[in-house]
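Colleague: Would you mind keeping the following structure in view while I ask a few things?
The values are calculated or read from the model by the stated rules, or taken from the named source; none is laboratory data. Quantities reported herein were computed from a predicted structural model and do not represent experimental measurements. Cβ placement follows ideal geometry from the backbone for every residue including glycine, while neighbour counts extend to all protein chains displayed.
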């Protein structure tokens, strides 16, 4: 029996063709079953900013203050209200003439002759010249109103001697108490009379501060 001779080249060529065919089939199968990948293009969004012109605010004009209303002054004379009160506790406000001081000699303070609280009179003193007190700007804007009661000495010549705040409304420097005292010191009275003669007496009356 004759042995069949097989050429290795033919065998290799046969396997090569099968291998190529199998590789193509595998690639085709992988392409069919693999998920589809979508590639999205990048889109850059551009936002436009609109410029707005801002008009600066102009402050309103300040309203000028209302015309200052002069306070009303009411006079009420009270007689013999301070019987038994110690006169030494009353501070004295007195107008003193300017004198030349001696640098080498101490001057004694002037002595004031205050009337007694028990002076009797038939005709009470009456104001003949009234100087209205100044209404401070702070008190006016704060709406402070009311009365300052004063104890006042009306001298024989009708001028004002001692002045004391009996009932305060607004104490302190620049307050309504000070304004009332300074105004009353400039007043003039027809003096009280006892037996037809002028006498110095204590009187009590309010100075009214009102914005109306």
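Colleague: Go through the stretch 161-174 and give me each residue that's over 21 Å from residue 114 (Cβ atoms) and surrounded by fewer than 18 Cβ atoms within 10 Å (Cβ to Cβ).
Modeller: 168, 171, 172, 173, 174, listed by residue number.
Colleague: Follow-up. Can you confirm whether residue 110 is out of contact with any strand residue (DSSP E or B) (no Cβ under 6 Å at 6 or more places or on another chain), modelled with pLDDT under 85 and farther than 15 Å from residue 184 by Cβ?
Modeller: Details: out of contact with any strand residue (DSSP E or B) (no Cβ under 6 Å at 6 or more places or on another chain): yes; modelled with pLDDT under 85: yes; farther than 15 Å from residue 184 by Cβ: yes.
In short, yes.
Colleague: I'm told residue 207 meets every condition in (1) surrounded by fewer than 21 Cβ atoms within 10 Å (Cβ to Cβ); (2) part of a strand (DSSP E or B); (3) touching a strand residue (DSSP E or B) at 6+ places or on another chain (Cβ under 6 Å) except one. Can you identify the failing condition by its number?
Modeller: Unmet for residue 207, out of (1) surrounded by fewer than 21 Cβ atoms within 10 Å (Cβ to Cβ); (2) part of a strand (DSSP E or B); (3) touching a strand residue (DSSP E or B) at 6+ places or on another chain (Cβ under 6 Å): (1).
Colleague: Follow-up question, since we're still on this one. Quick one: how many residues across the stretch 171-194 are more than 12 Å from residue 207 (Cα to Cα), touching a strand residue (DSSP E or B) at 6+ places or on another chain (Cβ under 8 Å) and without any contact (Cβ under 8 Å) to a residue 40 or more places away in the chain?
Modeller: 1
Colleague: May I ask you to list the residues in the stretch 115-145 that are surrounded by 17 or more Cβ atoms within 10 Å (Cβ to Cβ) and either modelled with pLDDT of 95 or more or within 17 Å of residue 182 (Cα to Cα) (or both)?
Modeller: Correct list: 127, 133, 134, 135, 136, 139.
Colleague: Same structure again: Which one is nearest to residue 134 (Cα to Cα) among residues in the stretch 165-204 that are in a strand (DSSP E or B) and within 31 Å of the chain's Cα centre (by Cα)? Step through it out loud before you land on a result.
Modeller: Within the stretch 165-204, the first condition is being in a strand (DSSP E or B), and the residues that meet it are 165-167, 188-190, 192-194, 197-199, 201-204.
Remaining after also requiring within 31 Å of the chain's Cα centre (by Cα): 165-167.
Numbers: 165: 16, 166: 19, 167: 18 Å.
Per the stated criteria, the residue is 165.
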